[in-house]
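Chemist: Can you read through this structure? Questions will come right after.
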Amino acid sequence: MFLLLGDHAGNLVPERLDNLGLAAQELSRHIALDIGVSRLGQRLSAILDAPFVEQRYSRLVIDCNRQVGHGGSIAQVCDGTAIPGNIGLSLRSAQERIDAIFLPYHAAIAGLLAERNAAGRATILVSLHSFTPRLGEIDRPWEIGVLHSEGNTRFAQAVLASLQSIEGLTIGDNEPYRMDETDFTVPSHAFAAKIPYVELEIRQNEIFDERGWERIARILAQAMEEAKASPDV
């Protein structure tokens with residue numbers, strides 16, 4: 001029933017782009033990928049027996065959760081770091097990234113949804129992201145954030161309620177980010193089709209090793225199964 005997505009699960013950069021002019025350590029930072037999401041998604045996929053569509057190219061090459069043409073689609077600056085390989089980019093070069101990365105990723109999602117719909121299989125879309133524990137001068141207290149906006153939000157609300165019932169966890173309701181007009185993946189695939197969805201943000205220090213991936217995957221799987229079984233959903 002679940003279809004798991006990772007818009008920013010990897011930090012690969014095509015060799016011809018020469019690491020976008022960045023030092024290697026910059027490509028291991030949160031500006032380049034959602035740290036921990038690849039292994040978390042794989043673990044959650046195994047627990048739930050659900051497909052995981054994992055986008056492995058760096059968000060700095062092209063952000064698959066931004067509308068093409070949006071200022072953050074091919075960012076020139078990210079969290080104060082200039083991205084030399086994205087500055088002065090030609091329209092042709094930008095289109096090459098769209099054709100090679102953005103379009104195939106979203107086509108894969110659309111294809112899976114179409115296949116499941118044709119087979120009469122219900123789908124709940126779950127988008128996985130992670131966030132840095134501190135941004136600028138602001139500490140972020142939430143271990144997990146539940147993002148939702150419009151469309152069929154009943155599942156997201158049920159996941160939120162389930163997670164909030166767990167003692168010892170601080171759960172954000174549209175924190176540390178809100179789902180808004182900057183998001184592309186969930187709105188484009190779930191809203192019009194009225195597919196139940198949730199976007200989950202996990203604090204990166206919770207999913208940096210095997211123990212963390214397993215722990216958070218179990219917590220999320222339980223919350224998602226409880227939400228799926230909710231009468232409201």
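Chemist: Tilt of helix 37-48 relative to the longest C-alpha principal axis of the chain, in degrees (0 to 90, nearest 10)?
Modeler: 30 degrees
Chemist: Quote the relative contact order of the chain in percent (integer), defining contacts as alpha-carbon pairs under 8 Å separated by 6+ residues.
Modeler: Rounded, it is 26 percent for the chain.
Chemist: Turning to a different aspect of this structure: Once you list every other residue whose beta carbon is under 14 Å from the beta carbon of residue 27, what net charge do they have if Lys and Arg are +1 and Asp and Glu are -1?
Modeler: Taking every other residue near residue 27 into account, the sum is -2.
Chemist: Before rounding to the nearest 500, sum -39500 (n - 2.57) across all DSSP H runs of length at least 4 in the chain and divide by the residue total; then give [θ] at 222 nm in deg cm²/dmol.
Modeler: -9000 deg cm²/dmol
Chemist: Using only the alpha-carbon atoms, how far is helix 210-228 inclined from the longest principal axis of the chain? Give it as 0 to 90 degrees, nearest 10.
Modeler: 50 degrees
Chemist: Another question, if that's okay. Which loop trypsin sites (Lys or Arg not before Pro) in the stretch 28-100, with loop taken from DSSP, have no more than 14 other Cβ atoms within 10 angstrom of their Cβ?
Modeler: Taking the stretch 28-100 and a limit of 14 other Cβ atoms within 10 Å, the loop trypsin sites (Lys or Arg not before Pro) found are 56.
Chemist: Which whole-number percentage describes the relative contact order of the stretch 69-159, with Cα contacts under 8 Å and a sequence gap of 6 or more?
Modeler: Relative contact order for the stretch 69-159 comes out at 10 percent.
Chemist: Would you mind working out the accessible area per residue for the stretch 20-173, using a 1.4 Å probe, and quoting it in Å²?
Modeler: Here the residues of the stretch 20-173 average 46 Å² of exposed surface.
Chemist: List the longest stretch of the chain that has no exposed loop site; here a site is one of the GluC sites (Glu not before Pro) assigned by DSSP to anything other than H, G, I, E or B, with at most 15 other Cβ within 10 Å.
Modeler: Formally, the longest exposed-site-free interval is 1-136.
Chemist: Measure nothing but the geometry: give the 0 to 90° angle between the long axis through the Cα atoms of 154-164 and the longest principal axis through the Cα atoms of the chain, rounded to 10°.
Modeler: 80 degrees
Chemist: Run the accessible area of the stretch 51-90 with a 1.4 Å probe and give the carbon-and-sulfur part as a rounded percent.
Modeler: C and S atoms contribute 50 percent here.
Chemist: Right, another one. For the stretch 1-108, calculate the relative contact order in percent as a whole number, restricting contacts to Cα pairs under 8 Å that are 6 or more residues apart.
Modeler: It comes to 32 percent, rounded to a whole number.
The values are calculated or read from the model by the stated rules, or taken from the named source; none is laboratory data. Quick caveat, the model's predicted, so the values are computed rather than measured. Cβ coordinates were reconstructed from backbone atoms using ideal geometry, including for glycine residues, and neighbour counts include every protein chain displayed. When the accessible area is computed, the model is the full protein with side chains, heavy atoms only, and any ligands, DNA or RNA have been set aside. Shrake-Rupley method; radii C 1.70, N 1.55, O 1.52, S 1.80 Å.
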